[in-house]
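*Asks:* Shown below is the structure under consideration.
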Amino acid sequence: MHALALNFDFLFSNFSQLTVTGLALGAVYAMVALGYTMVYGVLQLINFAHSEVFMYGTFATLWTVYFMGGTAHTSGFALARMFAVAMVVAMVVSALVALLLERVAYRPLLRRNSPQLMALISAIGASFVLSESMGLRDNITRWIGLNDNFSRYVSGARDTRGLPMDIQTHKLFPIGNYQVTNIDLIVICCALLMMLLLDQFVRRSRLGRGIRAVAQDPESAALMGVNSTRVVQLTFLLGGLMAGAAATLYMLRIGATRFDAGFILGVKAFTAAVMGGIGNLRGALVGGLVLGVAENWGSALVGTQWKDVVAFVLLVVILLFRPTGILGESLGKARV
Amino acid sequence: MLLEVEGLCVNYGHIEAIRDISFSVAEGEITTLIGANGAGKTTTLKTISGLRKVREGRIVFDGKDITNVPPFERVKLGISQSPEGRGIFPGMTVRENLDMGAYARRDRKTAAYREDFDRVYQLFPRLQERVSQTAGTLSGGEQQMLAMGRALMARPRLVLLDEPSMGLAPRLIQQIFSIIAEIKAQGTTVLLVEQNAAQALRRADQAHVLETGEIVRSGTGEELSGDEAVKAAYLGGDV
Ligand SMILES: Nc1ncnc2c1ncn2[C@@H]1O[C@H](COP(=O)(O)OP(=O)(O)OP(=O)(O)O)[C@@H](O)[C@H]1O
Ligand SMILES: [Mg+2]
């Protein structure tokens with residue numbers, strides 16, 4: 001066995017590249033983390049199936065690109081237009097999946113005041129159902145006889161499916177010794193913009209205030225005239241929209257997905273949410289970016305095969321010193 | 001009658017918190033419920049607001065049966081509450097809390113709405129000094145004022161106040177009670193729950209005594225403050 005050697009040379013010589021690509025990855029984590037953190041803030045419940053909401057977004061992106069006639073040669077403006085449409089479609093699809101999840105897997109339990117453990121089990125079950133329906137879509141469509149029309153979308157249900165084209169990157173400007181690409185910039189800016197919009201919505205709008213009120217004191221919120229069922233729906237909707245947008249950005253960078261692609265990304269996003277302070281919107285942003293960058297630095301230092309280990313060691317270390325996360329817990333209290 | 005409660009029973013599991021309670025609240029009056037700890041006063045108010053499920057009985061507000069109307073709809077009908085323990089939103093500023101009070105209103109862009117802010121600031125000048133302070137950092141008395149002000153921001157026809165004087169210094173208690181009288185003078189009907197029975201009875205038009213979930217005595221505030229049994233049980237030596 002080799003001793004674990006720390007490769008500082010590699011880290012320092014690629015420092016700016018690792019940081020920029022880490023930020024781009026972290027931005028995607030952060031957007032998915034928002035879904036976990038908002039639902040937790042309002043229901044004190046971990047929506048385990050949120051990873052599948054993201055996964056459906058990746059397929060919505062992929063299929064939109066195919067459906068719009070994307071080929072290996074699509075590039076430039078046509079490609080940009082395809083991705084713009086795909087993002088809207090993915091946001092809608094993910095939001096619908098999230099709403100369905102709330103309706104089917106949570107609301108019946110919440111209405112009966114079931115213990116939180118029940119909701120957690122329900123969420124895990126829903127997660128399997130959603131991901132396996134994607135993984136068995138060829139069989140499912142065969143049962144209902146749609147195989148011919150949809151064969152190119154449903155075939156190879158358990159294989160990794162990629163975009164038809166390689167996304168060509170363009171170098172824009174240097175930071176240190178790294179040339180920042182258009183894709184880096186699009187992913188980071190898009191994610192930051194969406195998160196800014198969400199943050200402002202939750203802070204300033206009437207409905208956003210309703211969300212914060214339910215998070216801080218559900219009974220008082222009801223006394224103010226807040227319909228908590230609508231608020232819960234709204235948090236799932238917003239979480240779904242963000243996850244869908246994240247899914248498109250993820251496809252732009254990674255280019256491929258699978259029926260179980262949500263799992264590891266979901267775990268990372270959840271880690272980011274806990275790291276930043278679960279229930280705290282800005283915490284999700286900070287947690288995501290820190291995690292993305294730390295993963296890149298860590299894997300440069302000790303080798304990429306340790307990437308996931310780095311992420312979770314970091315989580316443990318942060319929670320040891322700050323048990324409520326970097327920015328502290330809660331959608332309401334003192335922070336948002 | 002603005003509010004009529006008829007044969008109300010509420011359970012927590014198998015425990016009966018209130019049993020067959022009936023009373024009514026006349027428009028423009030202060031009605032008070034007094035009683036020992038655990039008598040069921042808070043439960044009664046929460047049930048009127050819709051936070052607790054009715055096992056039996058009805059609640060009629062302004063002629064409309066609201067027994068099964070969800071709480072957020074009752075706010076729109078004109079019932080608002082300043083809950084026990086204040087229930088302010090700790091992470092919001094004073095202004096945002098007051099704004100939450102008006103959540104159900106549709107006229108939030110109008111002058112009437114801004115006037116209501118002014119009305120609350122007039123009743124509680126302390127809140128105006130602290131509009132931008134995070135509510136969680138207010139003192140207990142200030143939080144109480146905020147909870148009451150917030151309840152008024154809904155522009156209710158009936159406001160339910162659950163122990164507004166709890167934990168306050170004697171001078172502040174005086175102030176709170178004169179504010180309650182002022183709220184009545186401005187035309188809002190008040191249903192008041194109090195431990196501070198002497199003060200509550202002095203201000204109340206109608207009063208009911210609750211004992212282990214049942215109403216055992218009713219009368220005008222004056223009648224009950226003269227009642228020997230009430231004196232012995234709730235007024236102690238301080239009257
Ligand atoms: N959430 C609950 N679960 C179980 N029992 C409850 C609950 N809330 C109240 N109770 C019980 O119902 C009874 C009435 O309580 P309630 O809070 O209405 O009393 P109260 O008259 O407001 O008392 P206090 O003056 O101490 O505020 C009490 O015996 C209490 O223990
Ligand atoms: Mg009480």
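*Asks:* Give B:163, B:129, B:142, B:115 a once-over and let me know the one that is out of contact with any Cys (no Cβ under 7 Å at 6 or more places or on another chain), under 15 Å from residue B:82 (Cα atoms) and without any contact (Cβ under 8 Å) to a residue 24 or more places away in the chain. Steps first, please.
*Replies:* Working: B:163 fails: without any contact (Cβ under 8 Å) to a residue 24 or more places away in the chain; B:129 fails: under 15 Å from residue B:82 (Cα atoms); B:115 fails: under 15 Å from residue B:82 (Cα atoms).
Only one candidate qualifies: B:142.
*Asks:* Then there's this: Quick one: residue B:41 ticks every box in (1) within 12 Å of ligand 2 (Cβ to nearest atom); (2) among the charged types (D, E, K, R); (3) without any contact (Cβ under 8 Å) to a residue 24 or more places away in the chain except a single one, so which number is it?
*Replies:* (3)
*Asks:* Next question, about the same structure. All but one of (1) touching a residue at least 24 places away in the same chain (Cβ under 8 Å); (2) within 14 Å of another protein chain (Cβ to nearest Cβ); (3) of a type in the set (A, V, I, L, M) hold for residue B:59, so report the exception by its number.
*Replies:* Among (1) touching a residue at least 24 places away in the same chain (Cβ under 8 Å); (2) within 14 Å of another protein chain (Cβ to nearest Cβ); (3) of a type in the set (A, V, I, L, M), the lone unmet condition for residue B:59 is (2).
*Asks:* Anything in the stretch B:131-187 that is hydroxyl-bearing (Ser, Thr, Tyr), more than 15 Å from residue B:95 (Cβ to Cβ) and away from ligand 1 (no atom under 16 Å from the Cβ)? List them, or say none.
*Replies:* Keep residues of the stretch B:131-187 that are hydroxyl-bearing (Ser, Thr, Tyr), which gives B:132, B:134, B:137, B:139, B:165, B:178.
Adding the requirement that they be more than 15 Å from residue B:95 (Cβ to Cβ) leaves B:139, B:165, B:178.
Result: B:139, B:178.
*Asks:* List the residue pairs whose Cβ atoms are under 6 Å apart, where the first residue sits in the stretch B:195-221 and is touching a residue at least 40 places away in the same chain (Cβ under 8 Å), the second is among the aromatic types (Phe, Trp, Tyr), and the two are 6 or more positions apart or on different chains.
*Replies:* Pairs found: B:197/B:234; B:203/B:177; B:208/B:23.
*Asks:* Next question, about the same structure. Does residue A:212 count as basic (Lys, Arg), closer than 21 Å to residue B:77 by Cβ and within 11 Å of another protein chain (Cβ to nearest Cβ)? Working first, answer last.
*Replies:* Values: basic (Lys, Arg): yes; closer than 21 Å to residue B:77 by Cβ: no; within 11 Å of another protein chain (Cβ to nearest Cβ): yes.
Taking the combined requirement at face value, the residue does not satisfy it.
*Asks:* Let me ask something else about it. Output the number of residues of the stretch B:62-87 satisfying the condition of being of a type in the set (A, V, I, L, M, F, W, C) and more than 7 Å from chain A (Cβ to nearest Cβ).
*Replies:* Counting residues in the stretch B:62-87 that are of a type in the set (A, V, I, L, M, F, W, C) and more than 7 Å from chain A (Cβ to nearest Cβ) gives 4.
*Asks:* Among the residues of the stretch B:44-56, write down those that are within 14 Å of chain A (Cβ to nearest Cβ) and within 16 Å of ligand 2 (Cβ to nearest atom). Before the answer, list the steps.
*Replies:* Initial filter on the stretch B:44-56 (within 14 Å of chain A (Cβ to nearest Cβ)): B:45-53.
Those that are within 14 Å of chain A (Cβ to nearest Cβ) and within 16 Å of ligand 2 (Cβ to nearest atom): B:45, B:46, B:47, B:48, B:49, B:51, B:52.
*Asks:* Quick check on my filter: what residues within the stretch B:57-86 are surrounded by 22 or more Cβ atoms within 10 Å (Cβ to Cβ), within 16 Å of ligand 1 (Cβ to nearest atom) and outside any strand (DSSP E or B)?
*Replies:* B:71, B:83, B:86 - these are the residues of the stretch B:57-86 that are surrounded by 22 or more Cβ atoms within 10 Å (Cβ to Cβ), within 16 Å of ligand 1 (Cβ to nearest atom) and outside any strand (DSSP E or B).
*Asks:* Now, a different point. Of all residues in the stretch B:24-38, how many are near ligand 2 (Cβ under 10 Å from one of its atoms) and either surrounded by 18 or more Cβ atoms within 10 Å (Cβ to Cβ) or of a type in the set (Ser, Thr, Tyr) (or both)? It would help to see each step written out before you state the result.
*Replies:* Going through the stretch B:24-38, the residues near ligand 2 (Cβ under 10 Å from one of its atoms) turn out to be B:33, B:35, B:37-38.
Narrowing the set further to residues that are either surrounded by 18 or more Cβ atoms within 10 Å (Cβ to Cβ) or of a type in the set (Ser, Thr, Tyr) (or both) leaves B:33, B:35.
Total satisfying the criteria: 2.
*Asks:* If you scan the stretch B:225-234, which residues turn out to be more than 20 Å from the chain's Cα centre (by Cα), touching a residue at least 12 places away in the same chain (Cβ under 8 Å) and buried (at least 17 other Cβ atoms within 10 Å of the Cβ)?
*Replies:* Going through the stretch B:225-234, the residues more than 20 Å from the chain's Cα centre (by Cα) turn out to be B:225-233.
Pick out the ones that are also touching a residue at least 12 places away in the same chain (Cβ under 8 Å) and you get B:225, B:229-230, B:233.
Correct list: B:225, B:230, B:233.
*Asks:* Condition first: of a type in the set (Phe, Trp, Tyr), in a helix (DSSP H, G or I) and touching a residue at least 12 places away in the same chain (Cβ under 8 Å). Now tell me which residues in the stretch A:34-72 satisfy that.
*Replies:* In the first step, residues of the stretch A:34-72 are kept if they are of a type in the set (Phe, Trp, Tyr); the result is A:36, A:40, A:48, A:54, A:56, A:59, A:63, A:66-67.
Pick out the ones that are also in a helix (DSSP H, G or I) and you get A:36, A:40, A:54, A:56, A:59, A:63, A:66-67.
Matches in the stretch A:34-72: A:36, A:40, A:54, A:56, A:59, A:63, A:66.
*Asks:* While we're here: Would you kindly identify the helices (runs of 4 or more DSSP H) lying entirely within the stretch B:124-187 that contain at least 1 residues that are within 14 Å of chain A (Cβ to nearest Cβ) and away from ligand 2 (no atom under 16 Å from the Cβ)? Even if it seems obvious, please write down each step before you answer.
*Replies:* On the way: elements: B:125-129, B:140-152, B:170-185.
By residue number, B:140-152.
*Asks:* If we only count helices (runs of 4 or more DSSP H) wholly inside the stretch A:239-336, which ones have 2 or more residues that are within 14 Å of chain B (Cβ to nearest Cβ)? Full working, then the answer.
*Replies:* Numbers: elements: A:261-276, A:281-302, A:307-321.
It comes to A:281-302.
*Asks:* Taking the stretch B:2-23 as the region of interest, how many residues are more than 16 Å from ligand 2 (Cβ to nearest atom) and exposed (fewer than 14 other Cβ atoms within 10 Å of the Cβ)?
*Replies:* 3
*Asks:* So, one more: Evaluate the stretch B:59-77: report whether one residue or more is in contact with a strand residue (DSSP E or B) (Cβ under 6 Å, 6 or more places away or on another chain), of a type in the set (A, V, I, L, M) and within 13 Å of ligand 2 (Cβ to nearest atom).
*Replies:* no
*Asks:* Quick test of your reading of the structure: residue B:169 fulfils all but one of (1) surrounded by fewer than 16 Cβ atoms within 10 Å (Cβ to Cβ); (2) touching a residue at least 24 places away in the same chain (Cβ under 8 Å); (3) within 16 Å of the chain's Cα centre (by Cα). Name the failing condition by number.
*Replies:* Tallying (1) surrounded by fewer than 16 Cβ atoms within 10 Å (Cβ to Cβ); (2) touching a residue at least 24 places away in the same chain (Cβ under 8 Å); (3) within 16 Å of the chain's Cα centre (by Cα), residue B:169 fails exactly one: (3).
*Asks:* Now, a different point. If we scan the stretch B:197-206, do we find a residue that is out of contact with any helix residue (DSSP H, G or I) (no Cβ under 8 Å at 6 or more places or on another chain) and either hydrophobic (A, V, I, L, M, F, W, C) or not in a helix (DSSP H, G or I) (or both)?
*Replies:* Of the residues in the stretch B:197-206, the ones out of contact with any helix residue (DSSP H, G or I) (no Cβ under 8 Å at 6 or more places or on another chain) are none.
Scanning the stretch B:197-206, I find no residue that is out of contact with any helix residue (DSSP H, G or I) (no Cβ under 8 Å at 6 or more places or on another chain) and either hydrophobic (A, V, I, L, M, F, W, C) or not in a helix (DSSP H, G or I) (or both), so the answer is no.
The numbers here are math on the coordinates, done by the rules we state, and not lab data. Here the structure is a predicted model, which is why all the values come from computation and not from measurement. We place every Cβ from the backbone using ideal geometry, glycine too, and count neighbours over all the protein chains shown.
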